[in-house]
Amino acid sequence: MYTIDEKFMLLAIKEAEKSAALDEVPVGAVVVKDGKVIAKGHNLREKTKDPTSHAEIVAIRKACKKLGSWRLEDCTMYVTIEPCSMCAGTLLWTRIKKIVYGAKDLKGGAIESSFRLFESKTINHHPELVGGVLEEKCSIIMSSFFKNKRQK
């Protein structure tokens, strides 16, 4: 039986698999409000030639459009990998309620790994943070992708 966080993380994992199928770094994101998915996204940097096309940003743009607001105050972001500084910063500005992520990003994670954005006392928003949800599954997707890249 899966928890609510695991249930939505499984959907984010499906988004990450879409990225991998496009030969994009396999990261997936889902935005949930009131227990319902309102937006999904996966990495599209290579396809769009846009460095801001991270899974989180894609999902945030869709969620904001759907809600007709830049505020995601009553929403939760589920993402397979710890958000980078760009994505964490964007989530800060959306005033998102909660961020749930799977695996840590030791090289670029901005929640607990290489930078701890939300520990800053000078920022005006501190969402609930939950890491390690289905961490092993999320890590395997990423490590398998790069292992396959190295073998080509």
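A compact table of results
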{"item": "So residue 41, is it at pLDDT 95 or above and exposed (fewer than 15 other Cβ atoms within 10 Å of the Cβ)", "result": "no"}
{"item": "Selection status of residue 3, open to solvent by less than 60 Å² (accessible area, probe 1.4 Å) and either over 16 Å from residue 134 (Cβ atoms) or of a type outside the set (D, E, K, R) (or both)", "result": "no"}
{"item": "Matching residues, the range 37-64, being assigned to a helix (DSSP H, G or I) and closer than 20 Å to residue 75 by Cα", "result": "55, 56, 57, 58, 59, 60, 61, 62, 63, 64"}
{"item": "Considering residues of the range 21-36 that are assigned to a strand (DSSP E or B) and touching a residue at least 24 places away in the same chain (Cβ under 8 Å) only, the residue surrounded by the fewest Cβ atoms within 10 Å (Cβ to Cβ)", "result": "33"}
{"item": "Subset of the range 114-152 that is surrounded by 13 or more Cβ atoms within 10 Å (Cβ to Cβ) and polar (S, T, N, Q) - its residue that is modelled with the highest pLDDT", "result": "139"}
{"item": "Subset of the range 66-96 (residues that are charged (D, E, K, R) and in contact with an Asp or Glu (Cβ under 6 Å, 6 or more places away or on another chain))", "result": "82, 95"}
{"item": "Boolean, residue 50 is farther than 23 Å from residue 147 by Cα, more than 15 Å from the chain's Cα centre (by Cα) and free of Cβ contacts under 8 Å to residues at least 40 places away in the same chain", "result": "yes"}
{"item": "Residue satisfying all of: in the range 81-113; in a loop (DSSP other than H, G, I, E, B) and open to solvent by 70 Å² or more (accessible area, probe 1.4 Å); nearest to residue 61 (Cα to Cα) among these", "result": "95"}
{"item": "Pair list, Cβ under 8 Å, 6 or more apart: the range 123-152 residue in contact (Cβ under 8 Å) with a residue 60 or more places away in the chain, other residue open to solvent by 80 Å² or more (accessible area, probe 1.4 Å)", "result": "141/17"}
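The values are calculated or read from the model by the stated rules, or taken from the named source; none is laboratory data. In this text the structure is predicted, and so the values were computed from the model without any measurement. Neighbour counts are summed over all protein chains in view; Cβ atoms, including those assigned to glycine, are modelled from backbone coordinates with ideal geometry. Remember, those area values only see protein heavy atoms, side chains included, never the ligands or the DNA or RNA. Shrake-Rupley method; radii C 1.70, N 1.55, O 1.52, S 1.80 Å.
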